[in-house]
Each structure stands twice: as structure tokens, then as C-alpha cells.
There are 2 protein chains.
Amino acid sequence: MTRSTEHLIKDRARMMGPNVSTFYDDPVHIVKGDGVWLWDAQGRKYLDCYNNVPHVGHCNTRVVEAITRQASTLNTHTRYLHDMVLDYIERLTGTMHPTLDSAIMTCTGSEANDIALRMAEGMTGKRGIIATDATYHGNTTLVSHLSRSNIPNVGFGLEQYFRFVTAPDSYRTPDPDGTMFANHVAAQIDALERDGTGFAALVVCPYFLNEGFPDNADGWLKPTADIVRKAGGLLICDEVQSGFGRTGTHFWAHEKMGVVPDVVVLGKPMANGHPVGAVVTNHGILGKFRTGYRYFNTFGGNPVSCAAAMAVLDEIAEQDLVTNANTVGQYAQIRMNALKDKHSLIGDVRGSGLVFGAEMVTDRATKEPASTLTNNIVNAMRDHGVLLSNLGRHKNTLKIRPPMPFTLEHADLLFDTLDAVLEDMPPAP
Amino acid sequence: MTRSTEHLIKDRARMMGPNVSTFYDDPVHIVKGDGVWLWDAQGRKYLDCYNNVPHVGHCNTRVVEAITRQASTLNTHTRYLHDMVLDYIERLTGTMHPTLDSAIMTCTGSEANDIALRMAEGMTGKRGIIATDATYHGNTTLVSHLSRSNIPNVGFGLEQYFRFVTAPDSYRTPDPDGTMFANHVAAQIDALERDGTGFAALVVCPYFLNEGFPDNADGWLKPTADIVRKAGGLLICDEVQSGFGRTGTHFWAHEKMGVVPDVVVLGKPMANGHPVGAVVTNHGILGKFRTGYRYFNTFGGNPVSCAAAMAVLDEIAEQDLVTNANTVGQYAQIRMNALKDKHSLIGDVRGSGLVFGAEMVTDRATKEPASTLTNNIVNAMRDHGVLLSNLGRHKNTLKIRPPMPFTLEHADLLFDTLDAVLEDMPPAP
């Protein structure tokens with residue numbers, strides 16, 4: 001049936017719970033997608049500058065055809081033999097360092113992180129996990145504890161195993177070579193070892209997308225990786241947001257940051273919205289997990305999921321989407337810097353490839369976050385037909401992370417609109 | 001690419017880990033499916049008497065078309081408004097007791113059980129969970145502890161919260177009205193309360209499919225539900241295997257067992273293999289969870305998942321598959337009992353609707369499990385082109401659980417083949 005916005009919101013509260021989150025003060029009722037475009041129920045068109053799940057574009061023909069073809073042919077679990085899951089793992093691991101040679105396929109990044117944490121426990125015999133204090137890695141009972149914002153004292157007492165380090169912030173607390181962050185990690189490792197928990201793993205998004213994608217130099221994670229390895233722990237890189245060429249310069253953000261992780265976690269964009277995730281690791285860690293834990297995933301690695309995921313890799317390659325991300329990303333930096341010269345609200349411009357944004361401040365000298373104004377900008381952009389979001393500790397960073405077929409023309413529309421919206425904003429109080 | 005069986009097995013070990021499970025001594029390389037039929041790479045046809053995930057049949061046209069149509073139109077998360085997720089939850093909860101009025105959509109039954117356990121913690125403020133000693137409910141770190149067979153002392157110390165009761169066994173330990181089982185549960189509740197853990201929930205498949213689907217009378221779970229409620233705990237019914245009309249007499253097995261659960265967990269067959277799961281519960285429990293825990297599932301409830309799940313409900317209704325399950329199930333009991341009269345190997349015949357099977361014994365008087373022979377039968381059936389499996393504490397129960405469009409003719413082929421295979425079996429030693 002087709003409900004009005006009011007009716008949709010009422011029915012959501014009734015059937016999905018009292019506080020199911022929506023984007024925007026005036027939530028959008030989207031009914032159709034194509035490439036980087038979305039349409040609402042009234043036929044209004046929006047430029048999608050935010051959704052990373054449809055990595056190769058909304059309703060990408062190659063992906064839809066792959067799903068249709070395989071779903072019409074066969075869809076079973078991996079207890080029967082099938083080529084597709086092997087073809088895909090071979091292709092996927094072929095994009096990574098040779099030590100990252102094997103994988104477990106799952107349905108979500110949450111499931112993948114849930115496995116990764118057990119791999120760390122299995123390899124180290126310890127349970128202490130370190131993450132940043134401004135991140136999100138998924139929704140299982142165990143994995144949800146990686147979010148410091150998780151409500152304390154619920155979740156089967158698992159908070160005892162988690163420690164947090166201050167997220168990098170290139171704008172306010174420069175750490176040009178990553179040694180400060182490495183030292184923060186070292187301090188938490190020491191604390192875990194001293195209190196008897198023991199250190200098992202550090203989990204990070206190598207480009208820190210939830211933390212506001214600080215302007216970290218290439219190779220920035222090297223000192224941290226050294227400290228993690230010296231302590232006998234695992235480096236888990238959650239590439240759910242940063243991977244598959246998003247940053248433009250590299251296929252994986254961990255390459256950009258100069259490290260080879262022990263475990264790579266994948267999710268959201270992997271199959272363009274079809275529920276697929278994966279844990280990629282080396283043979284030793286995978287073997288230890290497989291013998292030490294009982295694990296089977298009914299849907300994970302099924303032929304349809306693999307066909308969808310393979311089509312995404314094909315599309316990235318054939319449309320040269322990583323190069324596109326690099327080109328458009330560089331242009332976005334130029335246009336954002338031009339807007340910064342014009343609008344004093346913009347305190348900092350950051351990003352790489354097709355993840356970029358600007359931090360809004362009420363005063364460039366004090367760097368006071370313009371949180372409310374940023375929220376107003378996001379809502380005004382939505383009203384002007386451009387979808388994006390804000391994030392960061394103060395919710396004052398515009399987060400722009402469009403589908404990968406985002407072109408220079410789309411960037412122009414985005415920044416022309418942003419320019420007009422910023423023009424209309426009241427001056428900082 | 002197309003690999004030989006040997007090559008497939010070698011590549012699986014190399015890329016998926018050293019001990020990835022397969023069915024059958026000679027694993028099957030399936031390449032095509034249609035209805036209740038599967039084909040291997042050599043073009044050989046198999047009658048599928050085991051797979052419940054393709055609930056309305058392999059490659060069901062209605063489901064494939066629904067997926068294709070919606071994947072070509074829009075696939076986004078639920079932070080935008082969309083009718084489909086509401087239409088589906090309304091339709092789904094409409095098949096249940098009026099108190100079960102709301103839901104969270106997930107990608108897997110594991111994710112759904114992971115939420116259900118947190119709902120129990122949230123409602124009771126306690127963490128003690130009871131399950132049977134011969135079950136399986138999923139693969140997250142928390143949920144994997146519901147399987148007693150899980151390897152101990154790994155999984156972040158969560159084993160401390162789990163207690164087990166002896167699974168019902170109508171063949172060896174009759175418990176006609178369920179009071180013995182209820183008393184076992186009561187004893188574990190008492191133990192949890194005494195040791196300070198506290199009782200949060202009992203998790204059961206209402207038809208005990210992993211436990212060997214004992215011959216429990218309708219209403220059998222009532223005494224257990226009474227005890228769970230009196231103790232202030234939640235009754236979580238995992239209907240992943242038993243639901244969507246599988247038992248033929250009822251749409252949900254909890255109805256058959258005479259209880260209204262606090263939480264119903266759904267998974268595998270829900271969208272015919274598309275990764276979809278759900279937790280259905282009442283508004284009070286859902287509200288408490290939503291406010292007490294931070295939860296969002298990116299893929300959960302997306303329009304494609306809902307379209308696939310809706311097509312499954314449509315197909316069940318329009319093909320009258322629950323009636324079919326009942327009819328064919330009754331016929332299966334007749335044919336199995338006839339085989340029992342003929343073959344002394346068969347000790348007990350059980351089932352309801354399209355889940356049925358027989359327990360194999362070397363001696364009907366002692367009921368000594370014929371475990372090796374049962375394994376031989378399963379492999380011989382595979383060699384004769386019929387796919388089924390064995391389960392139970394002694395792995396001596398044939399488990400037959402075909403796609404729901406399984407007809408009387410399919411049943412005849414199954415039982416004629418089984419008759420011939422049993423004929424060929426060496427007499428019990």
C-alpha cells in the first residue's frame with residue numbers, strides 16, 4: 001500500500017518500535033533509485049551524496065542481472081560444492097596482500113566483525129579489544145561494544161573487554177606521523193595487560209570514516225601496527241566503509257595507511273545492497289578459528305551472494321570507478337576549498353576520493369563546533385534535493401560519501417547547492 | 001570457472017579453511033535447482049528431501065521476479081521511509097497472536113536470536129539463558145553458546161550465562177504431557193536464581209527439529225511456558241525451522257504446542273534463501289529493547305528483502321502449501337510405518353507435515369542406536385539420487401525436510417528409494 005509520510009511514521013512507531021531512526025527532520029519517502037539519483041513518492045529527484053551501500057550505483061544493471069541470473073539457476077548453502085564462492089574469494093583476496101589469502105563469507109559486516117573478534121581471542125588466548133572512542137562497527141551483542149556510545153551495563157557484561165583510545169583529529173589535535181595515536185594504543189595495551197584482561201586486537205577503520213575521516217598522511221597507521229604486533233595482538237581493519245576503492249588512491253584504505261592487517265572486515269558495499277559481508281585473513285588465523293570454534297553460516301557465500309559481489313568487482317573494474325573516485329575526489333577538494341575561502345563557517349576541508357566533507361565552526365580561531373548549524377545545513381540540502389549527512393564527535397562535519405559513479409557534474413550540482421545553502425545560513429552568532 | 005570435485009575440495013581447504021563442512025562422504029557439486037529438484041555438474045538429477053531454506057521451492061519464479069523487480073526499482077535501508085517493510089511486518093504479524101504485533105527485521109536467524117537474548121536481558125535485568133542440550137540456534141558469539149556442542153572456554157566467557165536441559169525424546173523417555181520437560185526447566189531456573197545469575201529466558205524450537213522432532217502432543221509446551229512466566233522469564237520460540245507452515249497442522253509450531261511466545265525468531269526459509277531474518281515480539285518488549293540498546297541493521301528490512309519475504313507468504317497462500325504439507329505429511333507417516341513393518345532397522349517413526357523421519361536401531365527391544373548404518377543409509381540415498389540427512393544425539397534419525405511443494409509423487413519416489421536402500425543394507429550385527 002502507499003501511505004502518507006504521517007501514516008508511515010505512525011506505522012513505523014507501531015510496528016517497528018518507538019524510536020526507529022530516520023534521516024532528516026522531514027524524513028524522505030524514497031521509492032525509486034538509479035545510479036546516483038533517488039526519487040521520492042511525489043516524484044521529486046534527489047542527488048544521493050551519502051549512500052555507500054549502492055557502491056556501483058542504485059539498481060546497477062550488472063548487479064541486478066547477476067542476482068536474477070543466479071537466483072533463477074541455484075541458491076544453496078556451502079555444504080554442497082560450488083565454484084562461485086571459490087571464484088569470488090580468489091578474486092577478492094587477489095586484490096590484497098598475498099598473506100591475506102582466505103576468507104569466511106557472511107551476510108553482514110556485523111557478522112564479520114563478530115568473527116574477527118573471536119579470531120583475535122582464538123589466536124591470542126586473550127580478550128581485550130581496543131577501538132576508538134567515536135566509532136561504530138556493527139550490531140551483534142559482542143560487536144556493539146566497540147561503540148563507546150553503546151548504552152553501558154547492558155549486553156551480557158561484555159564491556160569488561162573493551163578499551164577506547166581518543167579518535168584521531170587532524171584539525172584540532174595534529175598527529176602528523178601517527179605516533180601519538182600509536183602511543184594511545186600502547187597505553188591501552190599496557191592497561192589491558194596490567195589488569196589481567198590481556199590484549200587481543202585493535203579494530204579500526206583505516207580511514208576513520210565514523211570519526212570524521214581525519215587528514216592522516218599515507219602510511220599513518222604504521223607506528224600503530226608495529227605496536228600492536230610487538231604486543232602480540234591482531235590488527236583488524238574494518239574496511240566496510242573505506243574499502244572497494246572508496247578513497248580513490250588505493251583499493252583498500254589499509255594500503256593507503258601503509259599496513260597489512262591480520263584480518264580485514266567487509267560489508268555494506270560489497271554486493272551493492274545484497275546482504276553480503278566477509279572476513280579476509282591469512283590461512284593460519286582462519287585455520288585456528290575453524291578448529292577452535294564451531295562456525296557455519298547458512299546464507300554466507302551462497303551462489304547468489306557471490307554473483308552479486310562478483311558483479312560489483314566487475315563493475316568497479318570495467319567502469320574504472322577507483323580512478324573516477326580519485327578524479328572526482330580531487331575536484332571536490334578544490335571546490336570545497338573554494339567554498340572555505342568564501343564561507344567562514346567552514347573550518348576544515350578533508351577527504352580522499354569519494355569520501356569527503358567539511359567541518360563547520362562558529363569561529364575559525366577557537367574552532368568552536370557549529371553543530372546546530374551543520375544539522376540545519378544537512379536539512380536545507382535535503383530540501384534543495386541533495387542528500388548528505390553529518391557526523392563526528394560534535395556532529396559538525398558534513399559527510400559526503402556518494403555511490404562511486406558520482407561524476408564531476410554531480411559534484412558541481414552538490415557544491416553549487418551547498419554554496420547557495422551556506423549563503424542563506426544566518427551568520428555565526 | 002568449473003572445477004572437478006577433487007579441485008573444489010582442495011580449493012575450499014585453501015581458501016575457506018581446513019575443515020569446512022560438506023554433506024555426504026562423496027560431496028555433491030550442485031549447479032542447478034528447480035522446485036524440489038537439484039542437478040549436479042554431470043547433469044544428474046536429485047530429489048531434494050532436505051533443504052528448508054528454499055521453502056517454496058528452488059528458484060521459485062514468484063520470489064525471483066519479486067527480487068528482480070524490487071532490486072531494479074530501489075534498495076535502501078530503513079532510515080528512509082518505505083511502505084514495503086511496514087506492509088511485510090503487518091502481514092507477518094497478522095499470522096500470529098495479536099500480542100505479537102511488532103518486529104525487527106534482520107539478515108539472518110543468528111542476528112535475530114542475538115537480539116532476542118538481549119531483549120530477555122533488557123526485560124528481566126538478568127542473563128541466565130536455558131536451552132536444550134542438543135540444539136543449534138545460530139553463529140554469533142553470544143548465540144553460539146546456545147549449542148552445548150560448542151567448544152567450551154572460547155567465546156568471551158559467555159558460557160557462564162547458559163544452562164541446558166535434556167532434550168525431549170518421546171521414543172526413549174516418554175513425557176506425554178510435557179511436565180517432565182517443564183520440571184527440567186524449573187530445576188535450571190532454580191539453579192540460575194540460586195547461583196546469582198538469574199533467569200532471563202528459555203529458547204526452544206517449539207517442534208525441537210534439531211533434537212530429532214520428538215512426538216510431542218499438541219499443547220505440549222504449555223506446562224513449560226507456565227513455569228517460564230511464573231519465574232518472570234521470557235519464552236523465546238525459534239521458529240527458523242518449524243515455522244511458515246512446515247508442520248502442516250499450523251502456520252507456527254508454537255501454536256501447535258499451545259503457547260504464545262514472548263519473542264518469535266525467524267530466519268532461513270523466510271525469503272526462500274535471500275538473507276532475511278526477524279524477531280517478532282510485543283510492543284512492550286520491542287520498546288524496551290529499542291530504548292535500552294542501540295540497534296540498527298543496514299540491510300535488515302530493505303525493500304528487496306521485504307519483497308522476497310512477501311513473495312514467500314504469497315506463494316504459501318496461493319499454492320496452499322500448508323495444506324499440502326499436512327496431506328503429504330500424513331501420507332509420509334503411512335509409508336514410513338509400512339517400511340517399519342518391513343524393516344526391523346526402523347525403531348521409531350515421527351514427524352508432522354513436511355518434517356518427518358525415522359530413528360534407526362540395531363535392536364528394537366534395547367533401542368540401541370544404529371548410528372553408522374544411518375550414516376550409510378544417508379550416503380546410499382545420495383548415491384540413489386535422493387538428498388536427506390541424519391541428526392539427533394546419536395545421529396541415528398533420518399531427517400527429511402523438503403521444500404514445501406513436495407508432492408505425494410515425490411514422497412513415493414523417496415520411500416521407494418528408501419525401501420530399496422534398506423533392502424540392501426546388511427542386517428544389524
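The values are calculated or read from the model by the stated rules, or taken from the named source; none is laboratory data. Worth saying up front: this structure is predicted, and the values here are computed from it rather than measured. Note: ideal-geometry Cβ built from the backbone for every residue, glycine included; neighbour counts use all protein chains shown.
Residues that are crowded, with 22+ Cβ neighbours inside 10 Å and of a type outside the set (A, V, I, L, M, F, W, C) were ranked within segment A:141-162; the one that is farthest from the other protein chains (Cβ to nearest Cβ) is A:145. Within segment A:81-90, one or more residues are within 14 Å of residue A:280 (Cα to Cα) and surrounded by fewer than 18 Cβ atoms within 10 Å (Cβ to Cβ). Quick check: is even one residue across segment B:110-118 among the hydroxyl-bearing types (Ser, Thr, Tyr), within 19 Å of the chain's Cα centre (by Cα) and modelled with pLDDT of 95 or more? Yes, there is a match, as at least one residue in segment B:110-118 is among the hydroxyl-bearing types (Ser, Thr, Tyr), within 19 Å of the chain's Cα centre (by Cα) and modelled with pLDDT of 95 or more. Do we have any residue at all in segment B:262-270 that's farther than 21 Å from residue B:310 by Cβ, more than 10 Å from chain A (Cβ to nearest Cβ) and touching a Lys or Arg at 6+ places or on another chain (Cβ under 8 Å)? No.
Scanning segment B:55-76 for residues that are in a loop (DSSP other than H, G, I, E, B) and at the interface with chain A (Cβ under 7 Å from one of its Cβ atoms) yields B:59, B:74, B:75, B:76.
When the test is whether a residue is in contact with a Phe, Trp or Tyr (Cβ under 6 Å, 6 or more places away or on another chain) and either among the hydrophobic types (A, V, I, L, M, F, W, C) or surrounded by fewer than 24 Cβ atoms within 10 Å (Cβ to Cβ) (or both), residue B:101 does not pass it.
The residues in segment A:375-393 that are more than 19 Å from residue A:57 (Cα to Cα) and touching a Gly at 6+ places or on another chain (Cβ under 9 Å) can be counted, and the count is 4. Condition first: surrounded by fewer than 23 Cβ atoms within 10 Å (Cβ to Cβ) and part of a loop (DSSP other than H, G, I, E, B). Now tell me which residues in segment A:370-384 satisfy that. Correct list: A:384 only. The criterion of at least 3 residues that are free of Cβ contacts under 8 Å to residues at least 24 places away in the same chain is met by none of the strands (runs of 3 or more DSSP E) wholly inside segment B:224-281. The single condition from (1) buried (at least 23 other Cβ atoms within 10 Å of the Cβ); (2) part of a loop (DSSP other than H, G, I, E, B); (3) within 11 Å of another protein chain (Cβ to nearest Cβ) that residue A:129 fails is (2). The numbered conditions (1) closer than 30 Å to residue B:106 by Cβ; (2) touching a Ser or Thr at 6+ places or on another chain (Cβ under 6 Å); (3) in the same structural domain as residue B:24 (by TED's automatic domain parsing) are all true for residue B:282 except (3). Taking the conditions exactly as written (touching a Phe, Trp or Tyr at 6+ places or on another chain (Cβ under 8 Å) and crowded, with 24+ Cβ neighbours inside 10 Å), does residue B:251 satisfy them or not? No: the conditions fail for residue B:251. Restricting segment A:10-35 to residues that are more than 27 Å from the chain's Cα centre (by Cα) and surrounded by fewer than 20 Cβ atoms within 10 Å (Cβ to Cβ), the residue that is nearest to the other protein chains (Cβ to nearest Cβ) is A:11. Here is the figure for segment B:308-321: residues that are under 28 Å from residue A:267 (Cα atoms) and either in contact with a strand residue (DSSP E or B) (Cβ under 9 Å, 6 or more places away or on another chain) or within 11 Å of chain A (Cβ to nearest Cβ) (or both) total 4. Each residue in segment A:385-423 was checked for being among the β-branched types (Val, Ile, Thr), surrounded by fewer than 21 Cβ atoms within 10 Å (Cβ to Cβ) and under 15 Å from residue A:326 (Cα atoms), and 1 pass.
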